[in-house]
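Only one structure is covered here, and it is reproduced in the block below.
The values are calculated or read from the model by the stated rules, or taken from the named source; none is laboratory data. Note that the structure is predicted; figures quoted are calculated from it, not measured. Glycine gets a Cβ as well: all are built from the backbone with ideal geometry, and neighbour counts include every protein chain shown. When the accessible area is computed, the model is the full protein with side chains, heavy atoms only, and any ligands, DNA or RNA have been set aside. Shrake-Rupley method; radii C 1.70, N 1.55, O 1.52, S 1.80 Å.
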Amino acid sequence: MCAASPHSLSSCRPGNGKGGGSRPKGRRGTQTPLLHDRSSYCYPCAGYTLLVLGLTAPVDRSEKPVVFTSSFADMSDVVPPEVRPKPAVPAKPPNVGAPSPSSPFPPQGLGVGGGGISAPPPSAIPVPIGSHGPSHGGSHGMGHGVGHGVSHAGSHTAAHSGSHGHSGSHSSSAGSTLLGYIGIDTIIEQMRKKTMKTGFDFNIMVVGHSGLGKSTLVNTLFKSQVSRRSAGWARDEKIPKTVEIKSVSHVIEEGGVKMKLTVVDTPGFGDQINNDNCWEPISKYINEQYEKFLKEEVNITRKKRIPDTRVHCCLYFISPTGHSLRQLDIEFMKRLSHSVNIIPIIAKSDTLTTEERQEFKQRVRKELEMSGIEFYPQKEFDEDMEDKSDNDKIREAMPFAVVGSDKEYQVNGKRVLGRKTAWGIVEVENPNHCEFAQLRDFLIRSHLQDLKEVTHNIHYETYRAKRLNENGGLHPISSTDTQESNL
């Protein structure tokens, strides 16, 4: 039967220009030119019938040329509506036509009767450039409807190689190029404005023997009277018999940014004859702040902003003996290094010569490494190579040998903070005199936010996981209990 109309193929004449009969006129009266020898001309159909992968389309020169593509979605853009074929999946052919000796291509197409109607070779099927293959929905039907009836030498490979693609277009994994300004970069300015309105908290603890200049150093760091002694400490105050925890808070504002600074002092640490377990009150205070924050988190009606009283940094003052660390120093830092960020510093380093200071620093670093004490910044918390490079320089310079002073002196026409001695003035912020400037830049200007993040993400999370595993989870507390605990 003819593929275009239900009549016998014997009534069709070859469309190679040698058959009898007149050619049908085109729509505008012109004779329709002949196609290549693979087509068949049918008088009852009044047009050329071209079988490409089971599709039929009458050709008319009055319309735009028909470009056959490899998917139905692509054909809708190039085929005129008058000649657009309807997608159809032909039934599985009963047999495949035998190869013809005169044909350069193996038989391709449906086996109809004894001869079979041929389809063009794979090279004649146009494929869009840059496409990985037709869509799975259209090409899968063509591949299995037609490809199963063709030989493996030709179009079977073409049908399956094109039908394995699930999509005609693939999204690129690289970032898209913006066609215009969006405003994503303004998020930094939004965060800055919000921080300036709400402010932030920073809690610092100072631990060390009496007389090492803890309060003076804190006042020098923040250039204000923020220490406990500056807030009403009496000169005649006796040394406490046990370690006490005293804190004082101040609001510091600079450049429109507000910071609530809390300084936690530990008077009496290491001042007794028997200093056994003198670190326990300090460890208890640190854990109490974690517990207070945890109860606020598990509360049913949580506050919009939970007050943060957790200790973000602990400055441990080492006596400038010039020999080695004391056993109390090693024991304290070993027990608390896993619950708070410890930064060891050598206090009153102006009592040491330059050579003594360098030798003492090397000896302290070696003892800390042999004792397995991890001080901030820890190596395992380095996020990338840039952080590792910056933190390696800081770790090599620690412990910082510092000098603190809240008095100003005139040096070369400038007012500087320093300590006046018989041979001159020790300038606190002069890197040739001490390492106070390095400590200040590290503690405030570069790692202040990281200190808070490590406290929350590492130390607090460790305490929280341990606390929840011990009790099987905390029960939510009422707002009345929360108010009582705050009082």
* To do: With a Förster radius of 41 Å, plug the Cβ-Cβ distance of ASP390 and LYS414 into 1/(1 + (r/R0)^6) and report the FRET value to the nearest 0.05.
  => 0.85
* Identify, among PRO399, SER283, ILE373, the residue whose Cα sits farthest towards the positive end of the charge dipole of region 281-401, taking +1 on the Cβ of Lys and Arg and -1 on the Cβ of Asp and Glu, with the dipole about the Cα centre. => SER283
* Structure fact -> If R0 = 51 Å, then GLU189 and ASP276, at their Cβ-Cβ distance, give a FRET efficiency to the nearest 0.05 of 0.40
* **Cα gyration tensor shape of region 330-392, rounded if a/c is under 1.5, else prolate or oblate by comparing a/b with b/c** => oblate
* To do: Return one whole number: the accessible area per residue of region 337-440 in Å², for a 1.4 Å probe.
  => 56
* To do: Report, to the nearest whole %, how much of the accessible area of region 258-392 belongs to carbon and sulfur atoms, 1.4 Å probe, protein only.
  => 47
* Quick one: net charge of ARG365's neighbours, Cβ under 10 Å, K/R +1, D/E -1? -> +1
* State which entries of LYS260/LYS295; LYS193/LYS452; LYS303/LYS379; LYS214/LYS284; LYS246/LYS366 exceed 25 angstrom in Cα-Cα distance in the structure shown. => LYS303/LYS379; LYS246/LYS366
* To do: Subtract the Cα-Cα distance of HIS250 and THR354 from 0.36 nm times their separation in residues, and report this length gain in nm to one decimal.
  => 33.8 nm
